[in-house]
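Student: Would you mind keeping the following structure in view while I ask a few things?
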Amino acid sequence: QVQLVESGGGFVQPGGSLRLSCVASGDILAINTMGWYRQAPGKPRELVANIGHDGKTNYGRDKEGRFTVSRDNGKNTVYLEMNSLKPEDTAVYYCNANIRPYSNPYYNNYWGQGTQVTVSS
């Protein structure tokens, strides 16, 4: 089995910063893309940013600038640095990874359980 475990969410005031981490573990032969999505109440899940194994990044609409995605391939970990946070950034942030397990010849999409980020004064 594959597990994605997020950490680093919490409560922050407007203008503040947070850093999210997500570690992939378990039955992992290789990891392609890793990244972050978010879902606010009443809204669809949206891409924040993802990053390929080669370090190539892709940001969701209007996300580049305040958000920075990075990864440590040796640790199977992806990070999301969030700066100048706004109340509209309040959402559950989900880690996502495209992983090929040892037990399966295909890459599959995996999700973490989500971590709450609340931006409020």
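The values are calculated or read from the model by the stated rules, or taken from the named source; none is laboratory data. As the structure is a computational prediction, the values presented were derived from the model and not from experiment. Because the Cβ atoms are built from the backbone with ideal geometry, glycine has one as well, and the counts that use them run over all protein chains shown. Note: accessible area is taken over every heavy atom of the protein model, side chains too, but ligands, DNA and RNA are not part of it. Shrake-Rupley method; radii C 1.70, N 1.55, O 1.52, S 1.80 Å.
Student: Which of (1) in contact (Cβ under 8 Å) with a residue 24 or more places away in the chain; (2) over 23 Å from Gln1 (Cβ atoms); (3) of a type in the set (A, V, I, L, M, F, W, C) does Ala97 not meet, given it meets every other one?
Tutor: Ala97 satisfies every listed condition except (2).
Student: Go through Ala24, Ala30, Ala49 for me and flag whichever is under 27 Å from Asn104 (Cβ atoms) and in contact with a Leu (Cβ under 6 Å, 6 or more places away or on another chain).
Tutor: From the options Ala24, Ala30, Ala49, the qualifying one is Ala24.
Student: Additional query: Does region 12-39 hold any residues that are open to solvent by 20 Å² or more (accessible area, probe 1.4 Å) and farther than 22 Å from Lys86 by Cβ, and which are they?
Tutor: Val23, Ser25, Gly26, Asp27, Ile28, Leu29, Ala30, Asn32, Thr33
Student: Can Val23 be described as among the aliphatic types (A, V, I, L, M) and within 14 Å of the chain's Cα centre (by Cα)?
Tutor: On the way: among the aliphatic types (A, V, I, L, M): yes; within 14 Å of the chain's Cα centre (by Cα): yes.
It is true that Val23 is among the aliphatic types (A, V, I, L, M) and within 14 Å of the chain's Cα centre (by Cα).
Student: If I ask for residues that are assigned to a loop (DSSP other than H, G, I, E, B) and β-branched (Val, Ile, Thr), which ones from region 82-121 would you list?
Tutor: Thr90
Student: Checking Met34 against (1) on the phi < 0 side of the Ramachandran plot; (2) without any contact (Cβ under 8 Å) to a residue 60 or more places away in the chain, which single condition isn't satisfied?
Tutor: (2)
Student: In region 82-118, what count of residues is obtained for those that are more than 17 Å from the chain's Cα centre (by Cα), open to solvent by 10 Å² or more (accessible area, probe 1.4 Å) and not polar (S, T, N, Q)?
Tutor: 8
Student: Output the qualifying pairs, or none if there are none: Cβ atoms under 6 angstrom, residues six or more apart or on different chains, first residue in region 59-80 and closer than 17 Å to Gly8 by Cα, second residue among the acidic types (Asp, Glu) and open to solvent by 50 Å² or more (accessible area, probe 1.4 Å).
Tutor: Thr68/Glu81
Student: Right, another one. Taking the condition of being open to solvent by 60 Å² or more (accessible area, probe 1.4 Å), in a strand (DSSP E or B) and closer than 18 Å to Leu18 by Cα, how many residues in region 40-81 meet it?
Tutor: Adding up the residues that qualify gives 3.
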